[in-house]
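Enquirer: Take a look at the following structure, please.
The values are calculated or read from the model by the stated rules, or taken from the named source; none is laboratory data. Treat the numbers as computed from the prediction; the structure is a model and nothing was measured. Please note: Cβ atoms are built from the backbone with ideal geometry, for glycine as well, and neighbour counts cover all protein chains shown. Ligands, DNA and RNA are excluded from the accessible area calculation, which covers all protein heavy atoms including side chains. Shrake-Rupley method; radii C 1.70, N 1.55, O 1.52, S 1.80 Å.
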Amino acid sequence: DYLYLDFLEEGGVGAAAHDDFVPFDEPQALFPAQTAADRRLIAFCDGLSEADLDRRVITDRREDGMIPEKIGDILAHVFLHDIHHRGQVHAMLSGTSVKPPQLDEFLLDYDLKLRRADVERLGL
């Protein structure tokens, strides 16, 4: 997420975002960091105009060079990649004693009863 956020925000860190990354040993530490990254992405998206989706930003691909990419294409990549990893985590947890989270997004009023327990559990 940090790499693509840097590309989108034109922060100048580029591929070096990988160099200084320190993995999280505990999920309790990962949660606030992921929440902060998610909020940055939401704020970025909230500030976009329709025309911005076609605007190109430079992506640092190291030996492959500095590749201009459309913001809309980067966002599509990020969102699909996140969905992919969500499925991976679900599959991994399914092989353990930990109940995997619900993957379906219950957004309709009809589904409120199905998401209420998750909302209460997470304190949202």
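Enquirer: Name the longest site-free stretch of the chain, where the excluded sites are chymotrypsin sites (Phe, Trp or Tyr not before Pro) in a DSSP loop with no more than 14 other beta-carbon atoms within 10 Å.
Expert: Numbers: sites that count: Phe21, Phe24.
That would be 25-124.
Enquirer: For q = 0.11, 0.12, 0.19, 0.21 Å⁻¹, what log10 I(q)/I(0) does the chain give under the Debye formula with an equal point scatterer on each alpha carbon and no solvent?
Expert: -0.52, -0.62, -1.25, -1.36
Enquirer: Starting at the first residue of the stretch 51-58, write each ³J(HN,Hα) from the Karplus equation 6.51 cos²θ - 1.76 cosθ + 1.60 with θ = phi - 60°, in whole Hz, x for Gly and Pro.
Expert: 5, 4, 4, 8, 5, 9, 10, 7
Enquirer: Of Phe31, His77, Leu107, which is farthest towards the positive pole of the stretch 2-122's charge dipole, taken about the Cα centre with +1 and -1 on the beta-carbons of Lys, Arg and Asp, Glu respectively?
Expert: Among Phe31, His77, Leu107, the one farthest towards the positive end of the dipole of the stretch 2-122 is Leu107.
Enquirer: Related question: From the square roots a ≥ b ≥ c of the eigenvalues of the alpha-carbon gyration tensor of the stretch 55-120, which class results: rounded (a/c under 1.5), prolate (a/b over b/c), or oblate? Kindly include the intermediate steps, with their values, before the conclusion.
Expert: On the way: a/c = 4.97, a/b = 1.91, b/c = 2.60.
Oblate is the answer for the stretch 55-120, as a/c is 1.5 or above yet b/c matches or exceeds a/b.
Enquirer: Using a 10 Å Cβ count of at most 15 others and DSSP loop calls, identify the longest part of the chain lacking such GluC sites (Glu not before Pro). The partial results should precede the final answer.
Expert: On the way: sites that count: Glu10, Glu50, Glu105.
The reported range is 51-104.
Enquirer: Let me ask another. Give me a comma-separated list of calculated 3J(HN,Hα) values for the stretch 35-44, in order, Karplus coefficients 6.51, -1.76, 1.60 applied at θ = phi - 60°, integers in Hz, x for any Gly or Pro.
Expert: So the J values, rounded to whole Hz, are 4, 5, 5, 4, 5, 4, 5, 4, 4, 4.
Enquirer: Distance between the C-alpha centers of the stretch 11-29 and the stretch 49-67? Whole Å please.
Expert: The stretch 11-29 and the stretch 49-67 have Cα centres separated by 21 Å.
Enquirer: Something else about it: In whole percent, what relative contact order does the stretch 2-122 give with Cα contacts below 8 Å and a gap of six or more residues?
Expert: Values: 77 pairs, mean separation 21.8, N = 121.
Dividing the mean separation by the residue count of the stretch 2-122 yields 18 percent.
Enquirer: Given points 7 Å out from each Cα along the Cα-Cβ axis, report the Cys45 to Asp20 separation in nanometres with one decimal.
Expert: My value for the distance between the label points is 2.6 nm.
Enquirer: Same structure again: Ignoring ligands, DNA and RNA, what percent of the accessible area of the stretch 27-124 is carbon or sulfur (1.4 Å)?
Expert: Numbers: 4640 of 7670 Å².
Carbon and sulfur atoms account for 61 percent of the accessible area of the stretch 27-124.
Enquirer: Please report, in debye to the nearest 20, how large the charge dipole of the stretch 2-122 is about its Cα centre when each Lys and Arg carries +1 at its beta carbon and each Asp and Glu carries -1 there.
Expert: Values: 13 positive and 24 negative charges, 91 e Å.
Roughly 440 debye, rounded to the nearest 20.
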